[in-house]
Ligand SMILES: NC(=O)c1ccc[n+]([C@@H]2O[C@H](COP(=O)([O-])OP(=O)(O)OC[C@H]3O[C@@H](n4cnc5c(N)ncnc54)[C@H](OP(=O)(O)O)[C@@H]3O)[C@@H](O)[C@H]2O)c1
């Protein structure tokens, strides 16, 4: 069906899990009800979670069809009755958990996670509750803004809200994906020193250009925890942004400084295994479980991003019709930073 002014494209994971089962269909353009805003999505971005969702590994019981992707930014096109937080023309992004506005996370917020528990944002038009939106920093393109809702808020929550990073601290980031590069940028913004790991020397050189003081190749230096201790005078890192999961956690604990923080974020190498807890108690480590963050954290982060004119690292931009190729690119782990999907040519 050709797109008309009344219809709108939407991506669907349909029939069965698998990247090959993602397709784009047309549906009537939705209309905002009371308290809702209709957002014309200009760009979306990929997180590793979207790859897990598409391949059925995030939640094998997830009902299909499901609109994929949690992160999108666009322009408010229309609002329903009683809406006061946004106006037509505003540049906005959706928050990851639509009901987690402020304060500590609560069990019920998980049921409002975009692109997982509920339909996501890979669509020309998406209806949001007005409370589920934030305004995005004015200096960012909408493609850049689309990288913020999951990866950036996660890195901000981990490093700033939970670990309470301070100038002079040492921050260890694992790999050069979306969360890790935001953590690198936020650590530098707070005056911390960053050690980055990567499986690629070329990516490490780019991380150093971004402000990391040292890089460790976890392929050529399998004992990278030891190397991190050497680079810190034997002490270890004050904060570890642990995105690797059970395959990297033992070395992340080894790389952490006594009384340091380890932000438990990712599952890149696995989610379940036996872990030796001795370093946690011997070193008085604090482990912080992180699940993205609240709207208040997103807004605090945006203020800092605007203040410092910080720009997200966009690896590559795909067209909406290339969503399968975008996910394959993520699967290849060739990317450095964020993979973006454009919907309106922003
Ligand atoms: N808890 C939360 O709220 C939350 C939020 C966002 C993401 N996550 C999780 O955090 C992880 C990262 O997400 P993302 O979206 O940033 O992923 P991503 O952009 O796909 O980044 C993946 C990168 O991690 C690096 N990597 C892979 N295996 C590694 C290993 N064994 N050791 C160190 N680095 C490794 C690779 O970088 P190099 O090529 O440089 O080696 C790879 O490119 C995922 O597991 C995701 O599910 C959790």
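The table below lists the values:
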read-out: Within the stretch 318-345, considering residues that are surrounded by fewer than 17 Cβ atoms within 10 Å (Cβ to Cβ) and in contact with a strand residue (DSSP E or B) (Cβ under 9 Å, 6 or more places away or on another chain), the one farthest from residue 199 (Cα to Cα); value: 344
read-out: Every residue from the stretch 205-223 that is crowded, with 20+ Cβ neighbours inside 10 Å and closer than 19 Å to residue 191 by Cα; value: 207, 212, 215
read-out: Scope the stretch 265-285; condition exposed (fewer than 15 other Cβ atoms within 10 Å of the Cβ) and more than 16 Å from the ligand (Cβ to nearest atom); matching residues; value: 274, 276, 277, 278, 281, 282, 284
read-out: Strands (runs of 3 or more DSSP E) enclosed by the stretch 124-211 - at least 3 residues per element that are assigned by TED's automatic domain parsing to the domain that holds residue 240; value: 170-174, 193-198
read-out: Selection within the stretch 165-186 - more than 9 Å from the ligand (Cβ to nearest atom) and either within 18 Å of residue 50 (Cβ to Cβ) or free of Cβ contacts under 8 Å to residues at least 40 places away in the same chain (or both); value: 166, 167, 168, 184
read-out: Qualifying positions in the stretch 303-331 - assigned to a helix (DSSP H, G or I) and under 21 Å from residue 122 (Cα atoms); value: 320, 321, 322, 323, 324, 325, 326, 327, 328, 329, 330, 331
read-out: Matching residues, the stretch 93-110, being touching a residue at least 12 places away in the same chain (Cβ under 8 Å) and surrounded by fewer than 17 Cβ atoms within 10 Å (Cβ to Cβ); value: 101, 102, 103, 105, 110
read-out: Selection from the stretch 286-313 of residues that are more than 28 Å from residue 109 (Cα to Cα) and within 12 Å of the ligand (Cβ to nearest atom); value: 313
read-out: Residue 74 being touching a residue at least 24 places away in the same chain (Cβ under 8 Å) and under 23 Å from the mean Cα position of the chain (by Cα); value: yes
read-out: Among (1) within 16 Å of the ligand (Cβ to nearest atom); (2) in contact (Cβ under 8 Å) with a residue 60 or more places away in the chain; (3) surrounded by fewer than 24 Cβ atoms within 10 Å (Cβ to Cβ), the one test that residue 129 misses; value: (1)
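The values are calculated or read from the model by the stated rules, or taken from the named source; none is laboratory data. Since the model is a prediction, treat every value here as computed from it, not as a measurement. Note that we place each Cβ from the backbone using ideal geometry, even for glycine, and neighbour counts take in every protein chain shown.
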